[in-house]
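Participant: Quick one: structure below, then a few questions.
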Amino acid sequence: TTARLLKEETPILAFSKTYQAPLNIMHEFGHCNAIMSGGESASIDIEETHSQANELMFATYLRNTYPEDNFLKAFYEMAINDAANGLFKTAYVADCELYLFENYSTLNKEELKEGLHNIYLQYPSVFDENYWTASVISSTGYYISYTTSVIEALLLGAKASENFDMAKKNFNKLVFGDRSLDDVSFWKAAGLSSPFEQSTIDAVKRILG
């Protein structure tokens, strides 16, 4: 978690104590960097692109700098898998939200529960169904922004694998970009593409193998 207390210029960061801790640190420093640069005032979609992209840039940098290190190769794969899992989880929440929006007033509780479970069955079994279904109620409208941001982060991660210096320039445009632009225009100005285009989805599929 990254937050800035009222009237304080320096943000406060909190980290988890899990196997994901290095990625968690990079995630929060992605937010911190944007805040310290005066840029963390855009939509959640853009804010989470800062953090998600910083994770993949970090993992890619380590892999590129130490190509013979098998641990760092595995760490990079973990970062990609973590991003893929995040994409599945958040897309699942978004699908559930749409389902409830369209059916809440016409179906009873058991029918709704069955419908949500059927949505879960369409996804790889890589996350806890009950936890992420609860997020539909506890954080309505929030996780769809993670979906779009993970897509953009994966695009930037792929660029970093091909040309890290160019990807750094793209990342800096994400941090210092024009906040008056809408999200899609903002991503495109940073050298990325719209997450709503089929070509982008195809590119993500190639990245994830």
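Participant: Percent of accessible area on the chain owned by carbon and sulfur, 1.4 Å probe?
Facilitator: Values: 6410 of 11650 Å².
Here it works out to 55 percent.
Participant: For the chain, with every protein chain kept in place, what is the accessible area per residue (1.4 Å probe, Å²)? Write out the running numbers ahead of the final one.
Facilitator: Working: 11650 Å² over 209 residues.
The answer is 56 Å² per residue.
Participant: Quick check: the distance between the Cα centres of the range 153-171 and the range 84-149, to the nearest angstrom?
Facilitator: Taking the Cα centre of each part, the range 153-171 and the range 84-149 sit 31 Å apart.
Participant: So how far apart, in nm, are the two label points at Asn64 and Lys168 if each is 7 Å from Cα heading toward Cβ?
Facilitator: 0.8
Participant: What Kirkwood Rh does the range 67-209 have if only Cα atoms enter the pairwise 1/r average? Answer in Å. Please list the in-between numbers first.
Facilitator: Numbers: mean 1/r = 0.0589 Å⁻¹.
Mean inverse Cα-Cα distance, inverted, gives 17.0 Å.
Participant: Related question: So between Ala74 and Gln198, what do we pick up on full extension, going 0.36 nm a residue minus the alpha carbon distance? If you can, show how the numbers build up before the last one.
Facilitator: Working: separation 124, 0.36 × 124 = 44.64 nm, distance 2.97 nm.
Length gained between Ala74 and Gln198: 41.7 nm.
Participant: Taking the Cβ-Cβ separation of Asp178 and Tyr131 as r and a Förster radius of 25 Å, what is the calculated FRET efficiency to the nearest 0.05?
Facilitator: Details: r = 37 Å, r/R0 = 1.49.
Once rounded, the FRET efficiency stands at 0.10.
Participant: Same structure again: What is the angle, in °, between the Cα long axis of helix 129-138 and the longest principal axis of the Cα atoms in the chain? Nearest 10 is fine, range 0 to 90.
Facilitator: 90
The values are calculated or read from the model by the stated rules, or taken from the named source; none is laboratory data. All values reported here derive from a predicted model rather than from experimental measurement. Methodologically, a virtual Cβ is constructed for each residue, glycine included, from the backbone with ideal geometry; neighbour enumeration extends over all protein chains shown. For the accessible areas, the whole protein counts, side chains as well, though only heavy atoms, and no ligand, DNA or RNA atoms are used. Shrake-Rupley method; radii C 1.70, N 1.55, O 1.52, S 1.80 Å.
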